[in-house]
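Readers should treat all values here as calculations from the given coordinates under stated rules, not as data from a laboratory. Computed from a predicted structure; not experimentally measured. Backbone-built Cβ (ideal geometry, glycine too); neighbour counts: all protein chains shown.
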């Protein structure tokens, strides 16, 4: 009997919550190096286990059958998805995870409101305000994430979808949310108003992600990640649960940092991204000056010779590499070159791929050692000492116009300085402009040669030639 | 706990989060996001806490969905993060190119 009461002591349960969030912080702390990150993840999972067990100990918690049902459904859906998802599809996966997280918060706030109304009117303001906040942000992130998922999965068109007067509509929807929230907070007891908030926030979530183009997805996913975190922290305030407050805020901080990093890497303000439609207005300057500029095209044999006799080769991969599934072939080529004493490194732009760090995961999956993956700031000073820069499926992130042409739409965006290498080889499918539709002077530079064709096939041919040398 | 104490915790947690997470290298940003997805699954606690006292079919139904959503985050998030982190290997582990070793 004594143990039972001790275990159900609210102070004991709160202490367990403190242990849990401390473990989450340790988890994130260990994420600062690939060597320790995996251990960190296990520690985080232990923390979550402790938090769940602590909650189940609470005296008022019951309905274990329904709890088991919910957990069983979640496990049946979550485990196979996590085991089978392809690394190229990670952005979609994270978008879905953001979505269900936000959805859970919105549902919990709604039920919490209904329950307290049933018991005796509106909850106290100090619970009610965070509850309303959680409902709005949760609903926005659920629906916004679904749209982001649709765009990434290409169920929806990736191009920006804009409606006339969209910004006014969005402001209107936000006003509806805030207005109803104020009405409830000032004493109106109405489930209908609460539902109206959820619905307006849902439409707002749809409307604010629809106009955003595929290239801006890394920012959107990060921002939705931050939103779900903040909504969880708000739910924690409403429920008086310290584990939720701290964990939610950690997620919120992480999402905010990533959002800022991504926006910085694209040299665009967050407001500008959400106005939507990159390159939607006025045709890209420089594209229409009419004259046909000469490019130098090359063949696999020549590329093989250049690579094999180089001292240092830097590969600049872009999303095109992932689309062509060329990462394994590239690694084989790198292995072959390293056997010949060539130093091979990878230059990773922060927005290479469809989410923060995506390219690194794709290359790690292809068994590229992580210490060969270099961040932009680290690799840029090395390009002048690089013999060959091999650009595969990347375009805008290598565009010197960002550095030199003040009238370019991407002027000011930090880029990989591949053009400073002794020689540049660009693997390209065709002469089409990149995602942003901007002309790339790199292709016409004197030290650049282009190898046309599918990235994977091209790399395979080069690999064959290197092996035959 | 009163609201101000909770807000104190909230603000401190934000600063701790910014400090700790700004040290995560770009290389690990995707696993970081899936790990934070998993941590976000903590909202599961809200579902567990409310479902006992909840009355009526609708509330219970919605909470079961919320619990399922939270569980997807927790289980899926930690698993997929582990899968990714497992792939980040050092050259010495794959017997790859001896670039780190001095040759003489």
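Relative contact order of region A:22-113, taken over Cα pairs closer than 8 Å and 6 or more residues apart, is 15 percent. Hey, what angle do you get for helix A:191-209 against the long axis of chain A, alpha-carbon based, 0 to 90 degrees rounded to 10? Approximately 0 degrees, to the nearest 10.
Shown here is the pair-distance distribution of region A:1-84: with all Cα-Cα distances grouped in 10 Å bins from zero up to the longest one, the shares run 17, 32, 35, 14, 2 percent. Separation of region A:116-141 and region A:310-357, taken as the distance between their Cα centroids, equals 50 angstrom. Max-minus-min Cα coordinates of region A:117-158 on each principal axis give 47, 18, 9 Å, with the largest extent listed first.
Kirkwood-type hydrodynamic radius, region A:300-468: 15.6 Å, calculated from all non-identical alpha-carbon pairs. Listing A:419, A:216, B:82 from fewest to most neighbouring C-beta atoms within 10 Å gives B:82, A:419, A:216.
Using only the Cα atoms, work out Rg/Rh for region A:292-389, with Rh taken as the Kirkwood radius, to two decimals.
Across region A:292-389, the Cα-based Rg/Rh ratio is 0.97.
Relative to the globular-protein estimate of 2.2 N^0.38 Å, the Cα radius of gyration of region A:102-208 stands at 1.16. As I understand it, the value is the acute angle between the Cα axis of helix A:166-185 and the longest principal axis of the Cα atoms of chain A; what does it come to in degrees, rounded to 10? Between the helix axis and the principal axis of chain A, the angle is about 20 degrees. Compute the helix-to-body angle for A:327-339: its Cα long axis versus the longest principal axis of chain A, expressed 0 to 90° and rounded to tens. Long axis of A:327-339 versus the principal axis of chain A: about 50 degrees. Scoring A:424-430, A:186-192 by mean Cβ neighbours within 10 Å over their residues and listing the highest first yields A:424-430, A:186-192. Working from Cα pairs under 8 Å separated by at least six residues, relative contact order for chain A is 13 percent. Direction-averaged projected area, Cα convex hull, region B:1-85: 7.1 nm², rounded to one decimal.
Hey, how much of the P(r) for chain A falls beyond 29 Å, as a percent of Cα pairs? In whole percent, the long-distance tail amounts to 56.
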